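Worksheet: the structure to be examined is printed underneath.
The values are calculated or read from the model by the stated rules, or taken from the named source; none is laboratory data. This one's a predicted model, so the numbers in the text were calculated from it and none came from an experiment. Because the Cβ atoms are built from the backbone with ideal geometry, glycine has one as well, and the counts that use them run over all protein chains shown. When the accessible area is computed, the model is the full protein with side chains, heavy atoms only, and any ligands, DNA or RNA have been set aside. Shrake-Rupley method; radii C 1.70, N 1.55, O 1.52, S 1.80 Å.
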Amino acid sequence: MSNQVPIAEGLFTWPAAKPALLGSRCNQCGIVAFPVASSCMACSGQDVTAEELPGRGTLWTWTVQQFMPKAPYNTNETAETFTPYGVGYVELPGGVRVEGRLTENDPQKLRIGMDMDVVFEPLRTEDSGEEVISFFFKPVE
C-alpha cells in the first residue's frame with residue numbers, strides 16, 4: 001500500500017478515520033476562516049481556535065477550469081491527457097466559504113445552491129510513490 005500524504009499540512013485532519021477540513025474561529029467576534037489562520041481576518045483578533053469544519057455545505061458559485069493547474073495542485077496529467085475540472089466555492093454552515101476542486105465538471109450536473117460533501121481523494125502520485133491527498137467537493141446524490 002502506498003504512503004499517503006496531505007497536499008499541505010494543516011488543511012485537514014490526516015491521517016484520520018473521518019478526515020475534516022480545519023478552520024479557525026475567532027474567539028473575539030466568532031468569524032470562522034479557512035484555512036487556519038493565526039489572527040482574525042475580520043477583527044484582527046489574535047485569539048483564534050482551530051476547529052474541524054462541517055463536512056457538507058452548499059455550492060455558492062462554480063466554474064470549469066480549462067487549463068492545467070500549477071504546483072502544488074498539479075496532477076499526473078499531461079497536456080495531452082488533461083481533462084477540464086470543476087472549481088467552486090462551497091459555503092459551509094457558519095458562513096465560511098471554501099474554494100476547492102469539484103469532483104464534477106459537467107455544467108449540466110452543477111447548480112448554485114446544491115448540497116456538496118467534502119471528500120478526500122488522491123490528487124496525484126509523486127515519483128517517490130507517495131500518494132498526495134487533497135480535498136474535493138462532491139455533489140450529494
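What do you get for GluC sites (Glu not before Pro) in the stretch 8-57 restricted to DSSP loop and a cutoff of at most 13 other Cβ within 10 Å of the site's Cβ?
When the GluC sites (Glu not before Pro) of the stretch 8-57 are filtered for loop state and at most 13 Cβ neighbours within 10 Å, GLU9 remain.
Once phi is turned into ³J(HN,Hα) by the Karplus curve 6.51 cos²θ - 1.76 cosθ + 1.60 with θ = phi - 60°, what whole-Hz value does each residue of the stretch 125-135 show in order, with x for glycine and proline?
10, 6, 4, 6, x, 5, 8, 8, 9, 10, 9
Report the FRET efficiency, 1/(1 + (r/R0)^6), for GLU91 and VAL140, where r is their Cβ-Cβ distance and R0 is 22 Å, rounded to 0.05.
E(calc), rounded to 0.05, equals 0.95.
Using the Karplus equation 6.51 cos²θ - 1.76 cosθ + 1.60 (θ = phi - 60°), what ³J(HN,Hα) coupling, rounded to whole Hz, does each residue of the stretch 80-92 give in order, writing x for Gly and Pro?
After applying 6.51 cos²θ - 1.76 cosθ + 1.60, I find 6, 9, 4, 10, x, 9, x, 9, x, 9, 10, 8, 8 Hz.
With springs only between Cα atoms under 10 Å apart, run a GNM on the chain and tell me which of GLY86, GLY113, GLY57 wobbles the most.
GLY113
With every protein chain kept in place and ligands, DNA and RNA left out, what is the accessible area per residue of the stretch 40-141? Probe 1.4 Å, answer in Å².
59 Å²
Pull up the cross-link candidates among the aspartates and glutamates for LYS109, meaning alpha carbon to alpha carbon under 16 Å and not fewer than 8 places away within one chain.
ASP117, GLU141
Given the Cα-Cα distance of ASP106 and GLU9 and 0.36 nm per residue of separation, how much length would full extension add, in nm?
Gain on extension, ASP106 to GLU9, equals 31.9 nm.
Find which of GLN66, ALA50, VAL119 sits farthest along the positive direction of the dipole of the stretch 11-141, computed with +1 on the beta-carbon of Lys and Arg, -1 on that of Asp and Glu, about the Cα centre.
In the stretch 11-141, that residue is ALA50.
Rounded to whole Hz and in sequence order, give me ³J(HN,Hα) for the stretch 64-70 from the Karplus expression 6.51 cos²θ - 1.76 cosθ + 1.60, θ = phi - 60°, writing x for Gly and Pro.
Listing the rounded values in order: 10, 7, 9, 10, 5, x, 8 Hz.
Which label marks the calculated value of mean projected area of the Cα convex hull in nm², given the options (i) 9.7; (ii) 9.2; (iii) 8.3?
Computed from these coordinates, mean projected area of the Cα convex hull in nm² corresponds to label (i).
Can you tell me the dipole magnitude for the chain around its Cα centre, using point charges on the Cβ only (Lys, Arg +1; Asp, Glu -1), in Debye to the nearest 20?
420 debye
Mind checking which lysines have their Cα closer than 19 Å to the Cα of LYS18? Skip sequence neighbours fewer than 8 apart in that chain.
Counting by Cα, and skipping residues close in sequence, LYS18 has these lysines nearby: LYS138.
Between THR58 and MET41, what length in nm is gained on full extension when 0.36 nm per residue of separation is reduced by their alpha carbon distance?
3.9 nm
Compute the separation of the alpha-carbon centres of the stretch 65-82 and the stretch 1-25 and state it in Å as a whole number.
22 Å
Please list the non-local residues whose amide H lies under 5 Å from the amide H of ILE133, H modeled 1.01 Å from N, same-chain partners needing a gap of 5 or more.
Long-range HN contacts for ILE133: VAL5, ILE7, LEU123.
Per the Kirkwood definition applied to all pairs of different Cα atoms, how many angstroms is the hydrodynamic radius of the stretch 59-141?
For the stretch 59-141, the Kirkwood estimate is 13.6 Å.
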